[in-house]
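Down below is the structure, laid out as structure tokens.
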Amino acid sequence: MGWQPRPPAPGSVSVRRVELDDVVTKRRMTRGYSDDPVPAEVLDRVLGTALHAPSAGFSQGIDLLVLEGPAETGQFFEMTSDPEFLAGPGALQGLIRAPVIVLPLGDPDAYVARYSEADKAHSSLAGLAAGDWPVPYWLVDSSFAVMLLLLAATNEGLGALFFHLHRDPRPLLAVLGVPEAKQVIGAIALGYESSGPTDAAGPAGSPTRRARRPMLDVVHRGRW
Ligand SMILES: Cc1cc2nc3c(=O)[nH]c(=O)nc-3n(C[C@H](O)[C@H](O)[C@H](O)COP(=O)(O)O)c2cc1C
């Protein structure tokens, strides 16, 4: 018999689904932050949620590098952003005020090692060098962790943005003592939303210019 869903605990289902729906539909990328710090216990809960992300073979090869406060986030922006962006005043100046930056660090070696263990001997990934993986699971797992972070942030009343790094992050990672093999898919800004004069403009919200694809277009049942 194939996989069967577990029967729900009586009385628990509707409440849980409503909470998840709320967080999923409320979440939006936030590009303007106040410089209010994020309380340690709130940040810990958000980071803790990311630890529940699935990982291939339960490799858990994702680390989170957390930069807090103007000295650490300032160095981050200085070393990874385009000079024009930093020179401002640009549309994303409100992003620079974000009090927390999180860098997800995926470790290809952790996955290669995990899939070389005895219980993975029959996997098609067993013994593959990182460069030969058809899907780099350390990047997939980084994405899952990021998604949970974004949802957890919304759940805590925080704004969050996943964004790409303009410049090669390796010099910054070297300064911060990160082992060389780690790979970064982007950065997450976290903090409380503000709507200062420079915060509303910019690439804020492609969804304001593009329609969400309807389910009938996206979901292909049985065949394309
Ligand atoms: C892989 C990826 C890269 C992104 N990079 C940026 C970025 O560099 N700058 C930015 O402002 N938004 C970035 N975004 C945010 C998207 O523009 C945003 O998620 C999308 O427009 C949908 O809006 P919403 O997340 O607010 O619903 C990125 C999102 C993803 C998933």
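The values are calculated or read from the model by the stated rules, or taken from the named source; none is laboratory data. Remember, it's a predicted structure, so these values are computed and weren't measured experimentally. Counting neighbours? That spans all protein chains shown, and the Cβs are built from the backbone with ideal geometry, glycine included.
The numbered conditions (1) farther than 23 Å from L64 by Cβ; (2) within 24 Å of the chain's Cα centre (by Cα) are all true for G88 except (2).
Okay, residues lined up against (1) surrounded by 15 or more Cβ atoms within 10 Å (Cβ to Cβ); (2) under 23 Å from E193 (Cα atoms):
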{"residue": "D107", "(1), (2)": "yes, no"}
{"residue": "Y115", "(1), (2)": "yes, no"}
{"residue": "D119", "(1), (2)": "no, no"}
{"residue": "S124", "(1), (2)": "no, no"}
{"residue": "W138", "(1), (2)": "yes, no"}
{"residue": "A145", "(1), (2)": "yes, yes"}
{"residue": "A160", "(1), (2)": "yes, yes"}
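Taking residues in the range 53-79 that are farther than 18 Å from A145 by Cβ, and partners anywhere that are among the aromatic types (F, W, Y), the pairs with Cβ atoms closer than 9 Å and at least 6 places apart or on different chains are F77/F85.
Being near the ligand (Cβ under 10 Å from one of its atoms), in contact with a strand residue (DSSP E or B) (Cβ under 8 Å, 6 or more places away or on another chain) and either free of Cβ contacts under 8 Å to residues at least 12 places away in the same chain or not polar (S, T, N, Q) (or both) is true of A189. When residues in the range 60-79 are screened for being part of a strand (DSSP E or B) and out of contact with any strand residue (DSSP E or B) (no Cβ under 6 Å at 6 or more places or on another chain), 0 of them pass. In the set (1) away from the ligand (no atom under 16 Å from the Cβ); (2) modelled with pLDDT of 95 or more, the condition left unmet by P197 is number (2). From the list A113, A145, A98, A130, the one residue that fits, being touching a Gly at 6+ places or on another chain (Cβ under 7 Å) and among the small types (G, A, S), is A98. Number of residues in the range 80-103 that are outside any loop (DSSP other than H, G, I, E, B) and either surrounded by fewer than 16 Cβ atoms within 10 Å (Cβ to Cβ) or within 16 Å of the ligand (Cβ to nearest atom) (or both) equals 13. Looking at R213, is it away from the ligand (no atom under 14 Å from the Cβ), modelled with pLDDT of 95 or more and surrounded by fewer than 17 Cβ atoms within 10 Å (Cβ to Cβ)? Criteria not met by R213.
Taking only pairs six or more apart or across chains, which ones have beta-carbon atoms under 6 Å, a first residue in the range 141-166 that is farther than 11 Å from I188 by Cβ and modelled with pLDDT under 95, and a second residue that is in a strand (DSSP E or B) and more than 8 Å from the ligand (Cβ to nearest atom)? As it stands, the answer is none, since no pair meets every condition given.
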